[in-house]
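Here is the structure we will look at, set down as structure tokens.
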Amino acid sequence: MLLIKCPFCGPRPELEFSYGGQAHIARPKDPASLDDESWAEYLYIRSNPKGLHAERWRHIHGCARFFNVQRNTASDAIVATYKIGEEPPKPVDPGLEEWSSRSGAAL
Amino acid sequence: MRRFSAISLFREALGGHETWPRQWRSPEPKPAYDVVIVGGGGHGLATAFYLAERYGLTNVAVVEKGWIGGGNTGRNTTIIRSNYLFDESARLYEHALKLWEGLSQQLNYNVMYSPRGVLMLAHNIHDVQSFKRHVHANRLNGIDNEWLSPQECKEFCPPLNVGGAMRYPILGGALQRRGGTARHDAVAWGYARAADARGVDILENCEVLGIRRAASGRVEGIETSRGFIRAGKIGVVAAGNTSVVMNMAGVRLPLESFPLQALVSEPVKPAFPCVVMSNTIHAYISQSDKGEMVIGAGTDAYTSYSQRGALHIATHTLDAICELVPMFRRLRMLRNWGGIVDVTPDRSPIVAKTPVPGLYVNCGWGTGGFKATPGSGDVFAWTIAKDDPHPINAPFTIERFRDGVMIDEAAAAAVAH
């Protein structure tokens with residue numbers, strides 16, 4: 001079980017949290033202009049890296065707030081936790097950056 | 001390959017079983033192959049076997065970063081069934097089930113396929129309605145599946161707690177009698193031995209580090225920990241590591257990798273006659289021929305490549321099993337482990353060509369790939385050999401996510417995840 005440091009409440013067991021999937025996937029700025037390919041990418045394609053992964057967690061049985069976590073998926077070691085809107089401590093996935101520049105979505 | 005038979009067993013017994021040959025060679029990689037399969041699990045080995053056996057391609061290598069039978073093929077709970085709701089899935093899994101029935105003979109290797117029946121329990125009105133819908137849909141597709149009342153469930157599987165005080169009582173069950181189990185290691189070993197006998201090179205301890213592509217975009221070969229291997233075509237069958245391998249060719253897929261856990265109890269005398277699955281309270285259980293209760297737990301919440309999961313996931317499943325089968329409350333657990341499963345958004349696999357010429361992918365089997373091993377290998381071998389999907393796997397493309405043509409078993413409640 002992971003020990004996750006909620007940026008608001010401090011370290012708590014994983015049981016208090018729910019997982020929210022890959023972080024920094026922003027809704028496209030102009031959805032109407034997106035083609036099917038870009039929609040599929042936004043909705044379904046995930047970077048799924050073996051290594052550093054930025055992901056959302058929600059402290060559902062605590063403060064109920066969302067925040068971001070950077071975790072190494074090869075070891076499950078948590079590298080950092082930070083509030084929504086804060087800069088990621090380490091750079092996010094380059095594939096996602098490429099997509100965001102193409103679709104105009106803010107990371 | 002020395003054939004296994006009563007006569008060969010007798011002959012070897014005279015020599016004290018000292019002279020059996022190795023079941024497959026351990027060759028050095030050749031500089032070039034017509035087809036390279038990345039991933040030496042059941043699906044990859046089956047693909048290589050059918051390429052050689054049915055489609056005449058014998059200049060084939062299977063590269064495996066670890067050892068044969070060390071990945072998900074040796075980590076699953078060996079359940080085999082084909083009672084999926086949608087026509088596309090039913091065709092795919094039924095194709096596999098038909099191959100299971102003759103597999104030991106075809107491979108000359110006892111895979112211990114045991115059609116002892118898979119009973120899926122219903123615990124609420126939604127389950128009952130959904131399972132009955134499955135029974136009817138399956139029958140229309142020519143797949144056996146029948147509805148059992150709680151009493152009939154009890155008769156089929158006497159250890160079940162029917163009618164007792166349960167938070168989620170058993171309201172009935174859907175039974176596929178042809179479903180059952182097989183010995184997972186034997187499946188990997190049998191396919192490896194049979195593929196090797198047909199000329200396939202099995203390269204263990206050979207990790208793929210990169211996929212080299214020509215200026216035209218077509219694949220040229222793979223960089224591995226044992227050097228560069230030229231390949232006419234590359235089939236990626238890497239389960240939880242598919243995203244990592246496909247990224248090497250610049251292909252991003254709708255996959256996420258999760259740890260899935262299983263555990264076995266201490267071995268006991270035959271006590272459990274069939275496979276019982278309960279999706280609602282999340283428990284899968286059967287008894288191996290060694291006597292262990294083989295128990296499947298759920299996936300962890302988060303993506304991971306660590307091949308281990310958290311204890312609370314296993315505990316949750318054991319709670320459910322103790323309610324379902326009260327006599328197992330005194331059973332001690334022997335071992336638990338995790339495997340990494342690659343899950344698609346619609347919980348159906350991808351068996352398809354990719355946008356990169358010469359590159360094929362077979363992935364996304366999620367938590368239920370073992371049952372499909374022979375069928376998956378066969379249709380994927382067809383796809384590679386003919387550069388065109390088999391009618392059975394034609395719907396299982398990557399593009400279905402772009403085009404909105406999902407095969408939405410995720411929403412078809414009775415699928416175990």
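What follows is calculated from the coordinates using simple rules that are stated; it is not laboratory data. The model shown is predicted, which means the values in this text are computed figures rather than measured ones. With ideal geometry, Cβ positions are generated from the backbone for all residues, glycine too; neighbour counts draw on all protein chains shown.
Across all Cα atoms of segment B:89-241, the radius of gyration (one decimal) and Dmax (whole number) stand at 22.4, 68 Å.
Take each residue in A:35-43, count the other chain C-beta atoms within 10 Å of its C-beta, and the mean is 3.
Put in order of Cβ neighbour count within 10 Å, fewest first, the listed residues B:Trp20, B:Trp189, B:Trp337 become B:Trp20, B:Trp337, B:Trp189.
Calculated on the Cα set of the protein assembly as shown, radius of gyration then Dmax: 23.5, 78 Å. Shielding value for B:252-258 is 6, the average number of Cβ atoms from other chains within 10 Å of each residue's Cβ.
Grouping the Cα pair distances of segment B:255-353 into 10 Å bins from zero gives a pair-distance distribution of 15, 43, 29, 11, 1, 0 percent in increasing distance order. For the pair A:Ala74 and B:Asp387, what calculated FRET efficiency results from E = 1/(1 + (r/R0)^6), where r is the Cβ-Cβ distance and R0 = 35 Å, to the nearest 0.05? Working from the Cβ atoms, E equals 0.50. Taken along its three principal axes, the alpha carbon spread of chain B comes to 66, 63, 40 Å, from the longest extent down to the shortest.
Against the empirical 2.2 N^0.38 Å (N residues), segment B:348-417 has a Cα radius of gyration ratio of 1.11.
Each listed q (0.12, 0.14, 0.19, 0.24 Å⁻¹) maps to a log10 I(q)/I(0) for segment B:212-296 from the Debye sum over equal C-alpha point scatterers, namely -0.63, -0.70, -0.86, -1.18. Volume per residue for segment B:79-135 equals 77 cubic angstrom (convex hull of Cα atoms). Counting only Cα atoms, segment B:21-151 measures 59, 26, 26 Å along its principal axes, largest extent leading.
Beyond 14 Å, how much of the Cα-Cα pair distribution for segment B:103-148 remains, as a whole percent? The answer is 62 percent, as a whole percent.
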